[in-house]
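Okay, structure first, notes after.
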Amino acid sequence: METYEYPAVREIDGVYIRAERNGNWCNRCFTDLTAEEQQSFLDSLDTDGLKRMCLLIAGALRSVGDQFDIIRKDSEDEANE
């Protein structure tokens with residue numbers, strides 16, 4: 001049996017998917033899945049499902065940014081300051 005290094009469970013996005021962990025099934029947020037699990041889930045979605053995922057992930061990212069007052073700065077922006 002293979003052992004995997006799974007991402008830390010943070011439950012940031014609220015999009016839950018059933019995932020198998022060490023032979024047991026559990027619910028994990030999309031952002032708490034491995035890259036392979038994320039790809040498999042995305043492959044299962046139709047166009048409308050992918051659009052919903054984009055909106056949900058955008059909302060979660062916006063919420064984290066607002067909560068911690070995160071503003072992305074490019075290296076070009078920093079050079080102009």
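What's the number of the only condition in (1) farther than 20 Å from L61 by Cα; (2) within 10 Å of the chain's Cα centre (by Cα) that R10 fails to meet?
(1)
Name the single residue that is farthest from V9 (Cα to Cα) among those in the stretch 22-45 being charged (D, E, K, R) and free of Cβ contacts under 8 Å to residues at least 12 places away in the same chain.
Filtering first and then ranking leaves D43.
Among the residues of the stretch 46-81, how many are farther than 23 Å from V9 by Cα, in a loop (DSSP other than H, G, I, E, B) and at pLDDT 95 or above?
Total meeting the criteria: 1.
Please work out which residue is surrounded by the fewest Cβ atoms within 10 Å (Cβ to Cβ), limiting yourself to the stretch 13-39 and to residues that are of a type in the set (A, V, I, L, M, F, W, C) and over 10 Å from the mean Cα position of the chain (by Cα).
Here the residue is W25.
One residue is enough: does the stretch 32-39 have a residue meeting the conditions small (G, A, S) and either more than 17 Å from P7 (Cβ to Cβ) or not in a helix (DSSP H, G or I) (or both)?
Checked the stretch 32-39: no residue is small (G, A, S) and either more than 17 Å from P7 (Cβ to Cβ) or not in a helix (DSSP H, G or I) (or both).
Determine which single condition L61 fails, assuming it passes every other condition in (1) of a type outside the set (F, W, Y); (2) surrounded by 13 or more Cβ atoms within 10 Å (Cβ to Cβ); (3) under 24 Å from E20 (Cβ atoms); (4) within 11 Å of the chain's Cα centre (by Cα).
(3)
The values are calculated or read from the model by the stated rules, or taken from the named source; none is laboratory data. None of these values were measured; they are calculated from a predicted model. We place every Cβ from the backbone using ideal geometry, glycine too, and count neighbours over all the protein chains shown.
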